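The values are calculated or read from the model by the stated rules, or taken from the named source; none is laboratory data. What you are looking at is a predicted structure, and each value in this text was computed from that prediction instead of being measured. Quick reminder, even Gly has a Cβ in these numbers, built from the backbone with ideal geometry, and neighbours come from all protein chains shown.
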């Protein structure tokens with residue numbers, strides 16, 4: 001499903017709604033209470049997010065699985081969602097919360113390396129916007145994370161920024177390899193989650209960006225000094241981890 005509509009973009013940008021869509025992909029269909037238990041969020045918060053997703057046309061009711069007319073069961077309308085770069089304010093709507101999350105991962109990984117990471121804060125929502133621009137807000141708050149806090153603290157977190165010298169053909173080959181790797185892990189993890197729904201799993205995310213680093217002349221970069229002087233050579237490490 002190609003996502004172009006601004007309401008759908010806002011719906012997809014929120015990590016709780018991403019988790020709801022993933023859980024529906026695992027279960028096939030579910031009620032708000034089932035989803036709330038599965039993702040560790042309050043039922044009223046999940047109901048709010050379901051309404052947002054339904055208005056955006058990303059989920060639909062599945063009356064064939066309902067016990068009666070008052071029983072609301074939900075299912076995904078697509079198996080995957082693709083955001084078009086030219087879709088409205090996609091860059092602002094999708095990338096802004098994603099980049100806040102990347103910043104959080106970077107700092108949390110640094111604390112892990114130093115042994116100072118206190119673990120995930122149950123009240124911290126990774127920079128998510130509470131509102132959706134339509135006057136309705138999620139007032140449910142966040143539930144304490146399921147599972148052992150120490151295990152969550154030690155969860156795999158990786159931040160890699162590296163520079164490689166490639167020909168255009170090599171760049172395309174690397175892009176294909178990255179796409180195939182992510183697709184393989186996505187399909188494998190989803191299949192395992194469907195066959196073994198009793199094993200606790202975290203929702204991991206991967207943000208992959210591959211492109212020529214072609215800064216226009218005069219454009220400030222992260223390695224440039226604000227005063228206009230270039231950064232020293234030792235600040236231009238080709239790889240950060």
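Remarks
- Subset of region 65-88 (residues that are part of a loop (DSSP other than H, G, I, E, B), closer than 14 Å to residue 21 by Cα and either in contact (Cβ under 8 Å) with a residue 60 or more places away in the chain or under 20 Å from the mean Cα position of the chain (by Cα) (or both)): 77, 78, 79, 80, 81
- The residues in region 41-64 that are surrounded by 16 or more Cβ atoms within 10 Å (Cβ to Cβ) and in a loop (DSSP other than H, G, I, E, B) can be counted, and the count is 4.
- Filter result (in a helix (DSSP H, G or I) and in contact with a helix residue (DSSP H, G or I) (Cβ under 6 Å, 6 or more places away or on another chain)) within region 26-35: 26, 32, 33, 35
- Filter pass, residue 103 being surrounded by fewer than 16 Cβ atoms within 10 Å (Cβ to Cβ), within 22 Å of residue 202 (Cα to Cα) and modelled with pLDDT of 85 or more: yes
- Scope region 1-11; condition in contact with a helix residue (DSSP H, G or I) (Cβ under 7 Å, 6 or more places away or on another chain), in a helix (DSSP H, G or I) and surrounded by 20 or more Cβ atoms within 10 Å (Cβ to Cβ); matching residues: 9, 10, 11
- Candidates 166, 178, filtered to the one that is at pLDDT 90 or above, farther than 22 Å from residue 49 by Cβ, in contact with a helix residue (DSSP H, G or I) (Cβ under 7 Å, 6 or more places away or on another chain) and surrounded by 10 or more Cβ atoms within 10 Å (Cβ to Cβ): 166
- Filtered by the rule that a residue be under 11 Å from residue 16 (Cβ atoms) and touching a strand residue (DSSP E or B) at 6+ places or on another chain (Cβ under 9 Å), region 32-64 gives 35, 48, 50, 53.
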